[in-house]
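The values are calculated or read from the model by the stated rules, or taken from the named source; none is laboratory data. The model shown is predicted, which means the values in this text are computed figures rather than measured ones. Please note: Cβ atoms are built from the backbone with ideal geometry, for glycine as well, and neighbour counts cover all protein chains shown. For accessibility, only protein heavy atoms count, side chains too; no ligands or nucleic acids. Shrake-Rupley method; radii C 1.70, N 1.55, O 1.52, S 1.80 Å.
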Amino acid sequence: MAANGNFYITTTIPYVNAEPHLGHALELVQADALARHRRLRGQPVRFLTGTDDHALKNVAAARAAGLAVREFVDANAARFRGLREPLGLSFDDFIQTSADARHRPGVERLWRQCAGRGDFYLRHYQGLYCPGCEQFYAPAELGGGVCAEHRVAPEPVTEENWFFRLSRYTGDLLRVLRSGRVRVEPATRRNEVLAFIRAGLTDFSVSRPAARAGGWGIPVPGDPSQFIYVWWDALANYITALGYGGDERPYRDWWVDSGERVHVIGKGVTRFHAVYWLGLLLSAGQPLPSAICVHEYLSAGGAKLSKSAGNVVSPYDLAGRFGTDAVRWWLLRDVARLGDTDFTAARLVTRANSDLANGVGNLQNRTLTLVHRHREGRIPRPAGVARLGTELVAACQALPQLIDDALAGFDFRAATGAIWSVVQAGNRLVETERPWELAGREEQGDAAAAARLDGLLGVLAEACRVLATELQPFIPAGASALGGQFRTHRGAIAAPVPVFARLVSPG
Ligand SMILES: [Zn+2]
């Protein structure tokens, strides 16, 4: 069947046991940039995010806070949903798994489909469970006896659970990942997943006794003594939000018939997405995602972001202090594709000042000030100065394709780097052509200088326009303000206003 050209993109749904931190902002902003980029290119896009309410961690955190689980979960979910404005997010949908009427019927349908395939069996189970990960670990997976993610020793748990026959899908999983039918980016992550599968997949527990779930979650269809494992429940959100198990029209439009179904995730949950989630979908006979884009982690002051380390960076605070564009630009421009990146406010400020205020802002301000001062606000459209600024003209022409290619590989640094090379080429051209001197000579009656200034301003203004367009997915507010400077009244632009404030370095 021919795909419909739609683009569906999701983030993971975080636990709501605490306030959102900068790591959440990274994933949201990455997914948002991809969504905005496709919209800019005219593609129909649906961008989903939300919260994983059924995690047992939420129950524990609510108890610790002395609040009812419902109240606690709703309050924290609102803090995630509320990132929309400070981070400039454009999600089309937000699912809250415990409160959204769409979710439970879809989870149950997915369960029944896998059950219909004979993929569940009851098993008495003894294992090591990390409540932080909501996951059982084999002893061999625990370096020094502790979970690598949480640095704590998992608890021994003995219980009867429903198990999912993941092992049955080993061959299928290898095939879809090797063939690229499901793309995992970057390739390093794909290779890790392949190695994990080749080492042998074991069936995994997909339910827990109702008592241990504390009555929080979704009961197993046909067996109310068990609750569905939170990861199963959470992964299903990607399709329950599309009405899977209810009104399935959006599910058909955005999943079954969609050209691309993309999950943006953190490296810690690669296995859940690139193995378990694919296994569930294969069992249920549903289409697979087309790509899984894996990001790395942020640290602050060299340590992992965590409440216990006391270095949690609030995206609300950052956006309030430095502005949405500066935060987004740092996340998309400075964060490495492989390997963790250390955040400091000083780095964010340096990046924003060098690229935005001194880079894009300076180019725009110089260009439009000259147009305003020497051409009565009318942007020249010169002919016959073709050789002027060829490097800049070529860079502008190449830019959209470079961004498309970089983002197709989920390489945000390469995409923003391509923008930066246009900015540099523009500012270099100003330095070499010295338009203020051309303007001086024009005033002395030098016609050649006047023509050259026309050519130069035309080329520079066109570069600013291209930048205003191509920056939209990355810094939507600044891009829109830049684009607004080209609005004309009787053919003339208004005097330019600086778009990017110079930020003061902290400390
Ligand atoms: Zn853990």
Check: Given (1) within 12 Å of the ligand (Cβ to nearest atom); (2) open to solvent by 50 Å² or more (accessible area, probe 1.4 Å); (3) of a type outside the set (S, T, N, Q); (4) within 30 Å of Pro287 (Cβ to Cβ), where does His150 come up short, assuming only one miss?
Finding: (4)
Item checked: Positions within the range 53-65 being open to solvent by 10 Å² or more (accessible area, probe 1.4 Å) and either at pLDDT 95 or above or within 30 Å of Phe7 (Cα to Cα) (or both), in sequence order -> His54
Margin query: For the structure I just gave you, tell me whether Glu192 is within 16 Å of the ligand (Cβ to nearest atom) and either touching a Lys or Arg at 6+ places or on another chain (Cβ under 8 Å) or open to solvent by 50 Å² or more (accessible area, probe 1.4 Å) (or both).
Written below: no
Item checked: The lone exception for Pro156 - which of (1) part of a loop (DSSP other than H, G, I, E, B); (2) within 16 Å of the ligand (Cβ to nearest atom) it fails -> (1)
Note to self: Between Leu40, Leu26, which is aliphatic (A, V, I, L, M), under 26 Å from Ser299 (Cβ atoms) and out of contact with any Cys (no Cβ under 6 Å at 6 or more places or on another chain)?
What the structure shows: Leu26
Checklist line | Selection within the range 205-214 - in a loop (DSSP other than H, G, I, E, B) and either more than 33 Å from the chain's Cα centre (by Cα) or crowded, with 22+ Cβ neighbours inside 10 Å (or both) | finding: Val206
Margin query: Looking at the range 259-274 only, could you name the residues that are buried (at least 22 other Cβ atoms within 10 Å of the Cβ) and more than 18 Å from Ala284 (Cα to Cα)?
Written below: Val262, His263, Val264, Ile265
Notebook entry, point to check: Of (1) within 19 Å of the chain's Cα centre (by Cα); (2) among the hydrophobic types (A, V, I, L, M, F, W, C); (3) open to solvent by 30 Å² or more (accessible area, probe 1.4 Å), Val256 satisfies all except one. Which?
Noted result: (1)
Next item on the list: Residues that are more than 29 Å from the chain's Cα centre (by Cα): find the strands (runs of 3 or more DSSP E) completely inside the range 69-139 holding 2 or more of those.
Entry: 120-130
Notebook entry, point to check: Just a yes or no: is a residue in the range 290-304 on the phi < 0 side of the Ramachandran plot, touching a His at 6+ places or on another chain (Cβ under 8 Å) and assigned to a loop (DSSP other than H, G, I, E, B)?
Noted result: no
